[in-house]
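J.: Below you will find the structure I want to go over with you.
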Amino acid sequence: MNNKNCVIRFIVQLFLFLLSGFISVCAETLEPANYRMEHVAGVWQGGYLDGPAKGALFHGTNIAKDKEGNIYVMDGTRIRIISNGRVWTLAGNGIRGFKEGRADGAMFNIGGRGYNYCNIGIDSRNNIYIPDGYNSRIRKIFKKNDGTWWVETYAGGGMEILKPGSTGRAKKIAISNPVSLAVDSFDNVWTEGFSCIYKISPSGEIVCYKNTAGNVVNMQADKIGNVYLLVRENWSSHYWKVTQDGMIERIAGLTEKEVNQIRKEKIPLPVDGPALAATFHSHSTLAVTSDGKIIYGGNGDEYVLRRIKDGKSMTLFKEGWKEEKKDRRNGWFIGGPILTDDEKTIYLLGNNPPEFLRFRRIAAEE
């Protein structure tokens, strides 16, 4: 009788354990219900128009936020600012080319390899850095003492090609079509080109760390000195972490070689679960919390928002928000993350035109 009771007790405990796990999984699945979505800027129309943010016209591909809460928008040949509910142009005259000097007359030729959402970086003094891809330079936008904004070359434009492990002066080296950039907590500017992950110190010294990750399409930095890379192959994407001394480590996602091997074995591809065994399909954007503990990824053929936390991947949103479906045009779903902050508010950008024209913000409910 005692043995029978033990068996019954074991079965009951096992059932409760499995049930609690099921409930936990269901609770996580319902997590998106605890977020709200807000419209930040832009309308369903292309063009160029400053003024009230929700009526402004732009074609943004990335944003950054300074410590005062101003949002800087990468908009083709211009850099725009969203501040106090309004949009105004900071730099660029709308013509592709190369011109330095006063910001309102400066010219950029931003763009590069496919699937890139050219980053914006901001240092502790609110200097702005952008990868000017077709000009093969990193440009710096800064405010002079008289209050005017100016543009100058910060790195690139030279003839010297660095090899992994070598150093030089930032303005003397050649940088090949940079599209990804991040500014870390020490005001170092990070970018990529040739076979290098570059780190540029505030004094203008540049070092090349060997790029063992692959085709970097996006970068972001946390507030404790680490930089995160998003690498995109033909089908799969994976996430990497770079430390101050250039140590590169993959932290999430299967490589295309690993994906192809799984396909050969004719078994289902893993989606969520352990981050290093998860499949990320054609991601193009990422956002990292200030402590580096959470990465949000997305904006690819998945049309989802994914979260990497504690070594695990989880899909937060699928097929957009119910209230947005009536406005779905040309494949609008959820878009990808382009910025997050200490409160874990996530800024999103649509995946297909004309969704580049509007920014959303999602935030946890109180």
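The values are calculated or read from the model by the stated rules, or taken from the named source; none is laboratory data. Every value quoted in this text rests on a predicted model; they were computed, and no experiment measured them. Cβ coordinates were reconstructed from backbone atoms using ideal geometry, including for glycine residues, and neighbour counts include every protein chain displayed. For the accessible areas, the whole protein counts, side chains as well, though only heavy atoms, and no ligand, DNA or RNA atoms are used. Shrake-Rupley method; radii C 1.70, N 1.55, O 1.52, S 1.80 Å.
J.: For region 56-117, what is the accessible area per residue in Å² when the probe is 1.4 Å? Walk me through the intermediate numbers first.
T.: On the way: 2530 Å² over 62 residues.
Here the per-residue accessible area is 41 Å².
J.: From Cα pairs below 8 angstrom and at least 6 apart in sequence, can you work out the relative contact order of region 53-158, rounded to a whole percent? Mind showing how you got there, number by number?
T.: On the way: 242 pairs, mean separation 20.7, N = 106.
Relative contact order, region 53-158: 20 percent.
J.: Which of the peptides 266-279, 97-110, 117-130 is most tightly packed, and how do the rest follow, going by the mean number of other Cβ atoms within 10 Å of each residue? Write out the running numbers ahead of the final one.
T.: Details: 266-279: 14.7, 97-110: 17.6, 117-130: 20.9.
Averaged packing, sorted descending, gives the order 117-130, 97-110, 266-279.
J.: At 1.4 Å probe size, what's the solvent-accessible area of Tyr48? Round to the nearest 10 Å².
T.: Roll a 1.4 Å probe over it and Tyr48 shows about 100 Å².
J.: Could you check the simple spin-label distance between Ser176 and Ser201, using points 7 Å along Cα→Cβ, in nm with one decimal?
T.: Going from the Ser176 label point to the Ser201 one covers 2.7 nm.
J.: Over region 197-324, what relative contact order in percent results from Cα pairs under 8 Å that are six or more residues apart?
T.: Details: 284 pairs, mean separation 23.2, N = 128.
It rounds to 18 percent for region 197-324.
J.: Relative contact order, percent, of region 116-237 when contacts are C-alpha pairs under 8 Å separated by at least 6 residues? Present the calculation step by step, with values, prior to reporting the outcome.
T.: Working: 311 pairs, mean separation 26.4, N = 122.
So the answer I get is 22 percent.
J.: Multiply the residue gap between Asn260 and Ile224 by 0.36 nm, knock off their C-alpha separation, and tell me the result in nm, one decimal place. Mind dumping the intermediate values first?
T.: On the way: separation 36, 0.36 × 36 = 12.96 nm, distance 3.56 nm.
Length difference between fully extended and current span is 9.4 nm.
J.: For Thr167 paired with Asp146, estimate the spin-label separation in nm (one decimal), with each label point 7 Å from Cα along the Cα-to-Cβ line.
T.: 3.7
J.: To the nearest 20 Debye, how big is the dipole of region 56-208 about its Cα centre, given +1 on the beta carbon of each Lys and Arg and -1 on that of each Asp and Glu?
T.: On the way: 20 positive and 14 negative charges, 44 e Å.
Using only the charged Cβ atoms, the result is roughly 220 debye.
J.: What is the distance in Å between the Cα centroid of region 82-101 and that of region 218-267?
T.: 33
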